[in-house]
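**Q** Below you'll find the structure I mean.
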Amino acid sequence: MTQSEWLVKLPLLQSVVEKKEVLWCNPSIESVKAGLLKTRLSKDDITDASHRLEKFAPYLAKVFPETNQGIIESPLTPIPKMKQELETAYAIDIPGRLLLKQDNALPISGSIKARGGIYEVLKHAETLALDNELLDHTMDYSQFDSPTFRALFAKHKIAVGSTGNLGLSIGIMSAKLGFDVTVHMSADAKQWKKDLLRSKGVHVVEYIDDYSKAVEEGRRQAEADPSCHFVDDENSTDLFMGYAVAGERVAAQLKEQNIAVDEAHPLFVYLPCGVGGGPGGVAFGLKLALGDHVHCFFAEPTHSPCMMIGMMTGMHDQVSVTDFGLDNKTAADGLAVGTASAFVGKTMEPFLTGCYTVEDQTLFTLLKKLADSEDIWLEPSALAGMTGPVQVIQSKLPLADSKDTTHLVWGTGGNMVPEDEMKDYYNYMMK
Ligand SMILES: *Cc1c(COP(=O)(O)O)cnc(C)c1O
């Protein structure tokens, strides 16, 4: 179909083409029970990932003492002052509760990628250790911090293509285990990220071409080398499951804070979305842990709404934002993705409540408001979730404006950003 044919079929696309901030509700949403019949993924896969992370906790506690006894988790923080800021800025009432999931404060790599990225590297290390008979299942995993294990991993390579947080997560974790790790980056990747990775012994390869060329080249090199494991941001089930473990963790945190999730007390969750793996995995985990009264939304820049377009049209990775005249240019690092993951889009079809878009200027305005009101510092991408409550209330979604509703904004990153860089974000003005 041509663009004009799509516009007739899906009138909302006109606003997307005009780069307006819009909310799309997914007509294919189903109950969790019905949705699970449409995917090969199950709760057992999440439980398996969760158990593996527990087994690795003694190792992580040893090599990353900043973790909570080896568990990589972040606080769930009420942000009432920010709620007032939103109410004033948008001239609306938000009667429910507003929480921030602070993945900006995740240990080791300061972003949501510390969930999926680290999990995938650990799982790969476990597989190699088992294949080489260094491990039996009764052994304490703190053994991974030993010359024998490092000598094994030094003979194996890990590669990933990323301009940002995924590269940091994979690079830091792989180097710590002793792998020969390479991060393929486009030339426009931030200098501090390259410096940081190199300081940890990670190989950084830069490409003059854009990001997708860097990924493609990384994948090509990795496929030619049987000792190399390529972390595939678009198709990896392991990454997805690492993210999905967040569901049961959040369920436990809500319980601790005496926050109910049921028909009368729905939970609305807003997740910044790039290629889709992070928000998709987390949303999948939340739906399985908390059920049908969790309503998950993906948030994307107005210039890069790849998941929204992919899901609306049902074309997933067969369509790009550039097919609709959008330039895929955004200051939101990691969200400048033109084509969404088909694996995530298809998996999430029965589980996702909707997608909405946000302008770059809004991200910076809210970054400053959150820093001023709550002294919490997120990177620009991580603010995409913050307009979620406004979007669902303005669109009059059922119970969005109930005092018994909890709005949970997923703050996907921030702590790795150097202070002077953060100061520039804080003072950012759009040209
Ligand atoms: C990676 C990332 C996202 C989006 O995750 P995807 O898996 O690419 O969809 C959002 N925010 C931040 C800060 C990220 O690093």
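**Q** Just name the residue that is farthest from the ligand (Cβ to nearest atom) out of those in segment 99-108 that are in contact with a strand residue (DSSP E or B) (Cβ under 9 Å, 6 or more places away or on another chain) and not in a strand (DSSP E or B).
**A** Pro107
**Q** Tally up the residues in segment 151-163 that are in contact (Cβ under 8 Å) with a residue 40 or more places away in the chain and either within 17 Å of Cys228 (Cα to Cα) or open to solvent by less than 10 Å² (accessible area, probe 1.4 Å) (or both), please.
**A** 8
**Q** From the list Val344, Val319, Val294, Val261, which residue is β-branched (Val, Ile, Thr) and within 16 Å of the ligand (Cβ to nearest atom)?
**A** Just one listed residue meets the conditions, Val344.
**Q** Of everything in segment 267-291, what is more than 13 Å from the ligand (Cβ to nearest atom) and either surrounded by fewer than 24 Cβ atoms within 10 Å (Cβ to Cβ) or part of a helix (DSSP H, G or I) (or both)? Give them in sequence order.
**A** Gly285, Leu286, Lys287, Leu288, Ala289, Leu290, Gly291
**Q** Looking for whichever is more than 21 Å from Phe284 (Cα to Cα), in a helix (DSSP H, G or I) and within 20 Å of the chain's Cα centre (by Cα) here; the options are Thr365, Thr387. Which one fits?
**A** Thr387
**Q** Could you tell me which of the residues Arg219, Arg198 is closer than 20 Å to Lys157 by Cβ, modelled with pLDDT under 95 and either outside any strand (DSSP E or B) or in the same structural domain as Lys346 (by TED's automatic domain parsing) (or both)? Give the steps one after another, and end with the answer.
**A** Details: Arg198 fails: modelled with pLDDT under 95.
Testing whether each residue is closer than 20 Å to Lys157 by Cβ, modelled with pLDDT under 95 and either outside any strand (DSSP E or B) or in the same structural domain as Lys346 (by TED's automatic domain parsing) (or both) leaves just Arg219.
**Q** Do we find a residue being at negative phi, within 16 Å of the ligand (Cβ to nearest atom) and crowded, with 18+ Cβ neighbours inside 10 Å anywhere in segment 76-89?
**A** There is no residue in segment 76-89 that is at negative phi, within 16 Å of the ligand (Cβ to nearest atom) and crowded, with 18+ Cβ neighbours inside 10 Å.
**Q** If you check Leu363 against the conditions, is it in contact with a helix residue (DSSP H, G or I) (Cβ under 8 Å, 6 or more places away or on another chain), assigned by TED's automatic domain parsing to the domain that holds Asp317 and aliphatic (A, V, I, L, M)?
**A** yes
**Q** Does Leu196 count as within 16 Å of the ligand (Cβ to nearest atom) and either among the small types (Gly, Ala, Ser) or within 14 Å of the chain's Cα centre (by Cα) (or both)?
**A** It is false that Leu196 is within 16 Å of the ligand (Cβ to nearest atom) and either among the small types (Gly, Ala, Ser) or within 14 Å of the chain's Cα centre (by Cα) (or both).
**Q** Now, a different point. I'd like to know if segment 156-174 contains one or more residues that are away from the ligand (no atom under 16 Å from the Cβ), in a helix (DSSP H, G or I) and not hydroxyl-bearing (Ser, Thr, Tyr).
**A** no
**Q** On to the next question. So which residues in segment 315-353 are part of a loop (DSSP other than H, G, I, E, B) and free of Cβ contacts under 8 Å to residues at least 24 places away in the same chain?
**A** Met315, Val319, Ser320
**Q** Assess whether Thr322 counts as being within 24 Å of Ala214 (Cα to Cα) and not aromatic (Phe, Trp, Tyr).
**A** On the way: within 24 Å of Ala214 (Cα to Cα): yes; not aromatic (Phe, Trp, Tyr): yes.
When the stated conditions are applied, Thr322 passes them.
**Q** Name the residues in segment 166-214 that are among the charged types (D, E, K, R), without any contact (Cβ under 8 Å) to a residue 40 or more places away in the chain and farther than 27 Å from Thr330 by Cα, would you?
**A** The answer is Asp180, Lys200.
**Q** Suppose we filter segment 222-247 for residues that are open to solvent by less than 80 Å² (accessible area, probe 1.4 Å) and either assigned to a helix (DSSP H, G or I) or small (Gly, Ala, Ser) (or both); how many remain?
**A** Counting residues in segment 222-247 that are open to solvent by less than 80 Å² (accessible area, probe 1.4 Å) and either assigned to a helix (DSSP H, G or I) or small (Gly, Ala, Ser) (or both) gives 13.
The values are calculated or read from the model by the stated rules, or taken from the named source; none is laboratory data. Bear in mind the structure is a predicted one, so any value in this text is a computation, not a measurement. Glycine gets a Cβ as well: all are built from the backbone with ideal geometry, and neighbour counts include every protein chain shown. The accessibility values were calculated without ligands, DNA or RNA, using every heavy atom of the protein model including side chains. Shrake-Rupley method; radii C 1.70, N 1.55, O 1.52, S 1.80 Å.
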